[in-house]
Amino acid sequence: MASKKHPVVLRFEGMDPSDIGGYEAHRYRKGGDLGHIDRNKPKPRRLIGSETWAEEARAEIELMKVETFAAELEDLDRRNRRKDLEKRQIEGPRDPWRTSRHGPMRELILTANKDWFDQTESSDVEFSTSREELFEERAVAWLRDNFGDDVIHARADLDEQAYHIHAVIMPRATVRKYGTECRVLQPSIHPLIKDYEAAQDSVGEWFSEIGLRRGEKRKQAIRDALNDGRNPPINPRHVRPAEWRAKEEKRLAKKAAELETRERDVVEREDNAEAVLDFADAVAIGKIDTNGQPVNGVSADRSLHLQSPVKKTTLGFATARKAFRAVAMRLGARAEEKAQEHIASEVAEIRAADEIILEITRSFSRDQRERIAQIRRKLTAKIMALDPRANGRPDASKTGDGDPR
């Protein structure tokens, strides 16, 4: 089965001469984003340019500025522009390039998918640098062929996740102004910087000899879709590794914070549940009442049944106390209601029996009725004393109400 053909990756980044210092700091692993660097791997290897390329580049750019400034002053003096000459002498040299958001230089990155570099010719070999060497050879040749001496520096990064090459392009050009030829920095002097698609075609063809292919033609696909009246495909925005890692670290930190919060919530709920169980155990063995107050006279042996003390400051204690109070009130109300119903039923039966007695005594003699009335008044007073609802009512035994006449 044929192996998957991976694309060669080419990317240009704008660069200003002021960025050279930061670039060098990262090359020496002394600054910039170092979170992805594997210290156990070999350090970056220089491929093109001297060790002092940065100082040389800055010195050359400074020389361009001075030469152009001198030509400008000479031109003003030749044309007898005294006021302009004095003004420019005060202002000093200007940058020898046209201002743009990308800067006059380019940082170039060449790489391929990590899986392509990891593939070996033999299954018996776990790790091989043969593909890195092939890629490096082709990359250096392509850089020199297309940019010549304007490739002032190139290095291979070996201590990151995937092998890749960084290169710095200083696009030198000559323009005629101030009556002479002046050196400037002009990115468009190189066709592959001027035309991104042409650069992708070039690098795809160059690296095809080692089994890599050109990347997707996204811009062409967008143009074709627009010409056909279709919705163009989304052109993915490249995210620099440092930016991606910063966002990823922020996302992971947020996730970790959320997880820690959930863990604290779980621990708190477990503590509250334990407090509720302790409260219930304490109430069950009679150590505390439903209000959480200690019960007098609890023996030491009974209190030993509690495995841990009830903490009155916990949410679980307050929750349990509230629940037990509510249950106690409902049970008390229910018991009171049943007791009232039972008493009412008993009193009703007694009243019914009393009515029967009155009916029977109507046929008795007067002496017998008076005697029964005396007995009934005493009995009624004792019965009514049992009925809590009778509190405050007049005593029938004193008023004489209900005497059989």
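The values are calculated or read from the model by the stated rules, or taken from the named source; none is laboratory data. Quick caveat: nothing in here was measured; it's all calculated off a predicted structure. So basically every Cβ, Gly included, is an ideal-geometry build from the backbone, and we count neighbours across all protein chains shown.
Below, the figures for the structure above:
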{"item": "Complete set of residues in the range 186-219 that are in a helix (DSSP H, G or I) and of a type in the set (A, V, I, L, M)", "result": "189, 192, 193, 198, 199, 203, 210"}
{"item": "Filter pass, residue 270 being within 26 Å of residue 160 (Cα to Cα), outside the structural domain of residue 319 (by TED's automatic domain parsing), exposed (fewer than 13 other Cβ atoms within 10 Å of the Cβ) and modelled with pLDDT under 75", "result": "no"}
{"item": "Subset of the range 19-35 (residues that are touching a residue at least 12 places away in the same chain (Cβ under 8 Å) and assigned to a loop (DSSP other than H, G, I, E, B))", "result": "29, 32, 33, 35"}
{"item": "Lone unmet requirement of (1) out of contact with any Gly (no Cβ under 8 Å at 6 or more places or on another chain); (2) closer than 30 Å to residue 198 by Cα; (3) modelled with pLDDT under 70 for residue 216", "result": "(3)"}
{"item": "Residue in the range 38-46 that is over 34 Å from the mean Cα position of the chain (by Cα), in a strand (DSSP E or B) and either among the small types (Gly, Ala, Ser) or surrounded by 16 or more Cβ atoms within 10 Å (Cβ to Cβ) (or both) present", "result": "no"}
{"item": "Residues located in the range 162-188, provided they are out of contact with any helix residue (DSSP H, G or I) (no Cβ under 6 Å at 6 or more places or on another chain) and farther than 30 Å from residue 77 by Cβ", "result": "164, 166, 168"}
{"item": "Test: residue in the range 176-184 that is farther than 30 Å from residue 59 by Cβ and either in the same structural domain as residue 50 (by TED's automatic domain parsing) or modelled with pLDDT of 95 or more (or both)", "result": "no"}
{"item": "Failed criterion for residue 50 (all others in (1) buried (at least 16 other Cβ atoms within 10 Å of the Cβ); (2) within 18 Å of residue 151 (Cβ to Cβ); (3) over 44 Å from the mean Cα position of the chain (by Cα); (4) of a type in the set (Ser, Thr, Tyr) hold)", "result": "(1)"}
{"item": "Among residues of the range 81-112, those that are of a type outside the set (Val, Ile, Thr), under 36 Å from the mean Cα position of the chain (by Cα) and surrounded by 15 or more Cβ atoms within 10 Å (Cβ to Cβ), counted", "result": "6"}
{"item": "Unique residue being touching a residue at least 24 places away in the same chain (Cβ under 8 Å) and in contact with a Gly (Cβ under 7 Å, 6 or more places away or on another chain) when the list is 38, 16", "result": "16"}
{"item": "Answer from 2, 25 - the residue that is modelled with pLDDT under 95, out of contact with any strand residue (DSSP E or B) (no Cβ under 8 Å at 6 or more places or on another chain) and not assigned by TED's automatic domain parsing to the domain that holds residue 158", "result": "2"}
{"item": "Criterion violated by residue 62 - all others in (1) loosely packed, with under 14 Cβ neighbours inside 10 Å; (2) modelled with pLDDT of 95 or more; (3) closer than 30 Å to residue 137 by Cα satisfied", "result": "(3)"}
